[in-house]
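Student: First the structure, then my questions, so here it is.
The values are calculated or read from the model by the stated rules, or taken from the named source; none is laboratory data. All of these numbers come straight from a predicted model, not from anything done at the bench. Neighbour counts run over all protein chains shown; Cβ positions are idealised from the backbone, glycine included. SASA here: full protein model, heavy atoms, side chains in, ligands and nucleic acids out. Shrake-Rupley method; radii C 1.70, N 1.55, O 1.52, S 1.80 Å.
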Amino acid sequence: MSDIYILGIETSCDETAAAVVKNGRVVLSNIIYSQEKIHAKYGGVVPEIASRNHMDKLGVCVDEAVFSQNLTFNDISAVAVTYGPGLVGALLTGVSYAKALSYAIKKPLIGVNHIEGHICANYINHPKLKPPFICLVASGGHTSLFIVKAHDVYEVVGQTLDDAAGEAFDKTARALGLGYPGGPLLDKIAETGSDTAINFPRAINEKDNFDFSFSGLKSAALNYLNKCKMLETEFSSRDFAASFQRAVVDVLVGKTIAAAQKYKIKTVALAGGVSANSCLRKQLKAACKENKLTLNMPDNIYCTDNAVMIATRGYFDFCLEKFSDLSLNAVSRIS
Ligand code: KG4
Ligand code: ZN
């Protein structure tokens, strides 16, 4: 079979991204234009501003992804694009662009679910990885545990009942005055703090329940900060960050290992923006080692939103001949 080159396009939130991936695993280009600085002054993503910036930058990102590799659109086998979940206006910019491009260059269109894209980031750094495996997806909008049974068969065994892990990180970081996006900033200051300084609650629930809940922890953290403020008590931001982070990580790691044991699956993978968290990576590595499980984690660059993971997901759909037509639409929520 000749080589398959998939052009991936991702615009679900505030990263405008395009990439070309060969045969599902070889990254040829990975162009990311981050709008982080633009949204930082508002303390979070402003959907309208995100859409406008995608419209400005997507064409440049796509051209660079293709032409920097001395490829032409003729070499591209298919155009894969995130159609959801995400911000509907932001998604629409990518979907419309991909539809027009696929029509113009006469190449198939593939609509990709963003969460499946995150899971597929694992195939990049781990060429031997294949289903079945358990995957923890923790991002700004989602916290779910999946059993990946085949390249196109996923079973959800647990999900968050309230806040996503990334959301809890971002809101707590904001309360601490760290700015946006809070997750990586909180991770950074936690490095030199004590994770046992404050005993935050861990919502582990009953055995064999793999759902997550972070709202209790988030409230406990915010109450702690308010109390310190009211009583004018000094506290260490670093200890606070490290203790909060450890509480989130203990729940994520505990449930992932328990699910692997319950479903007797020996391979674990990690995905989504929060998988860049240093404490999560360290603790999950240790727990997998202790429980004799094989762990796969994407490199940090493939944890947060990117188009490589979309191209890789698109490759599997290409092989399964699962194509979309021009009726493909942006979908903000996918059950
Ligand atoms: O997957 P992603 O880039 O976008 C969504 O699909 O939501 O995830 C973004 C989330 C944000 O909440 C961000 O704060 C969090 O991932 N994040 C982190 C770290 N890096 C990104 N959270 C904790 N520690 C990090 N190092
Ligand atoms: Zn994402």
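Student: Restricting to the range 132-144, and then to whatever is away from ligand 2 (no atom under 16 Å from the Cβ) and under 19 Å from the mean Cα position of the chain (by Cα), can you tell me which residue is nearest to Val88 (Cα to Cα)?
Tutor: Ile134
Student: If you check Thr192 against the conditions, is it at negative phi, in the same structural domain as Ile257 (by TED's automatic domain parsing) and surrounded by fewer than 20 Cβ atoms within 10 Å (Cβ to Cβ)?
Tutor: Yes; evaluated as a whole, the condition is true for this residue.
Student: Now, a different point. Quick one: in the range 115-159, of everything that is hydroxyl-bearing (Ser, Thr, Tyr) and within 11 Å of ligand 1 (Cβ to nearest atom), which residue is farthest from Glu36 (Cα to Cα)?
Tutor: That would be Thr143.
Student: Condition first: in contact (Cβ under 8 Å) with a residue 60 or more places away in the chain and either open to solvent by less than 10 Å² (accessible area, probe 1.4 Å) or among the polar types (S, T, N, Q) (or both). Now tell me which residues in the range 16-39 satisfy that.
Tutor: Of everything in the range 16-39, those that are in contact (Cβ under 8 Å) with a residue 60 or more places away in the chain and either open to solvent by less than 10 Å² (accessible area, probe 1.4 Å) or among the polar types (S, T, N, Q) (or both) turn out to be Ala17, Ala18, Ala19, Val20, Val21, Asn23, Gly24, Asn30, His39.
Student: Among the residues in the range 102-114, are any within 16 Å of ligand 1 (Cβ to nearest atom) and open to solvent by 10 Å² or more (accessible area, probe 1.4 Å)?
Tutor: Yes, because at least one residue in the range 102-114 is within 16 Å of ligand 1 (Cβ to nearest atom) and open to solvent by 10 Å² or more (accessible area, probe 1.4 Å).
Student: Shifting gears a bit: With the condition being more than 12 Å from ligand 1 (Cβ to nearest atom), open to solvent by 20 Å² or more (accessible area, probe 1.4 Å) and aliphatic (A, V, I, L, M), I'd like the helices (runs of 4 or more DSSP H) fully within the range 211-317 carrying at least 3 qualifying residues.
Tutor: 215-230
Student: Still on this structure, please answer the following. So the check is Cβ under 7 Å with 6+ separation or different chains; which pairs have a first residue in the range 4-15 that's under 22 Å from Lys106 (Cα atoms) and a second one that's aromatic (Phe, Trp, Tyr) and at pLDDT 95 or above?
Tutor: Listed pairs, sorted by first residue: Ile4/Tyr315; Ile4/Phe318; Ile6/Tyr315; Ile6/Phe318; Ile9/Tyr97.
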